[in-house]
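As structure tokens, the structure follows; a few thoughts come after it.
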Amino acid sequence: MSTSRNASRRTLLGAALGGAAAATVGGLPGTAYAASWQQKWAPSASSAGLGAFETVEDDRADSHTSGQPHIFATGNNWRFNMHMADRDTSTDRQRQEVTGLRNGSGSNYLKWTSGQTWRVTYSMYIPSSLKATTTFTHIMQMKQPGTGTSPIVVQSLRRVNGVQTIELKLFEQDILVGRTDLAPLHDKWTDVDFQIKVGDGSAGSVRWILKSGSTTVVDASKTGVDTFLADRVRPKWGIYRSLGDTSGSLQDCYLLLTNLRGYQLV
């Protein structure tokens, strides 16, 4: 078969596979495959506990030792408690968060690097006591590991013109990906599907889907955006909020997460 016919065959195969690019597999040219999500992380709260995460930031300033642990597994859920007495090392804010996707023990955690595409799915229970605020209240972040780095992506509870909302934003670029009212999601389980192509400059993309029962309340995406600072991207979950809220929304609260899953597009 001629080179031109091989090229034509690869093009047709790619089209038949929904636009997936043809690739060389096992050293044989002209073999095409469709990219697919491969599950890389599926911890159980009841068995893995906090070992499901790379690090745990539970009252790292020891501001409220009588309230510890603030982060723990309970049944099939991970619970994050936040008390008004809690303070982070920067005392104008509060933080109870976990980071990363760990499989087993030691340094066996997943590293999201430039050029890769990752997806996390999970369910979250936001009680009515965890309210949107006029300043930041993040319940998921994508960050470069290390101190002093800005968030890349934040899922936040924010008051907009007095209305409680949940939103996803590309932080440094101040690009809003999507937003919806928070009140209908209070005191019930909401399914999250977050996807990110890790890329510098304009090589990145994100997609954010929220479902309440069988209803999709948000399905928003942005392409051609910057989703990489340096080293790697690491997800964080929990409650990270400013004490500068002016709406009177701060109170003792908690957040529940369950069915955390991680996938890589390969």
In straight Cα distance, which lysines are under 20 Å from LYS169, not counting same-chain residues fewer than 8 positions off?
LYS131, LYS143, LYS197, LYS211, LYS222, LYS236
Classify the range 109-266: rounded, prolate or oblate, from the alpha-carbon gyration tensor (a ≥ b ≥ c, eigenvalue square roots; a/c under 1.5 rounded; otherwise prolate if a/b is larger than b/c)?
prolate
Given the peptides 138-149, 105-116, arrange them by the average over their residues of other C-beta atoms within 10 Å, most packed first.
138-149, 105-116
With the Cα gyration tensor of the chain giving a ≥ b ≥ c as the square roots of its eigenvalues, does the rule (a/c under 1.5 for rounded; else a/b larger than b/c for prolate; else oblate) give rounded, prolate or oblate?
prolate
Computed over the chain: longest principal axis from alpha-carbon atoms vs helix 3-16 long axis, angle to nearest 10 degrees, is 40 degrees
For the chain, what % of the accessible area comes from carbon and sulfur atoms, probe 1.4 Å?
46 percent
Considering only GLY75, GLY238, GLY199, give the residue with the highest GNM mean-square fluctuation for the chain, with springs between Cα atoms whenever their separation is below 10 Å.
GLY75
Heavy-atom accessible area per residue - the chain, 1.4 Å, Å²:
44 Å²
Selected from ARG179, ARG60, ARG87 as most flexible by GNM, with the chain as the system and alpha-carbon contacts under 10 Å:
ARG60
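The values are calculated or read from the model by the stated rules, or taken from the named source; none is laboratory data. Predicted model only: the values in this text are computed from it and were never measured. Quick reminder, even Gly has a Cβ in these numbers, built from the backbone with ideal geometry, and neighbours come from all protein chains shown. Ligands, DNA and RNA are excluded from the accessible area calculation, which covers all protein heavy atoms including side chains. Shrake-Rupley method; radii C 1.70, N 1.55, O 1.52, S 1.80 Å.
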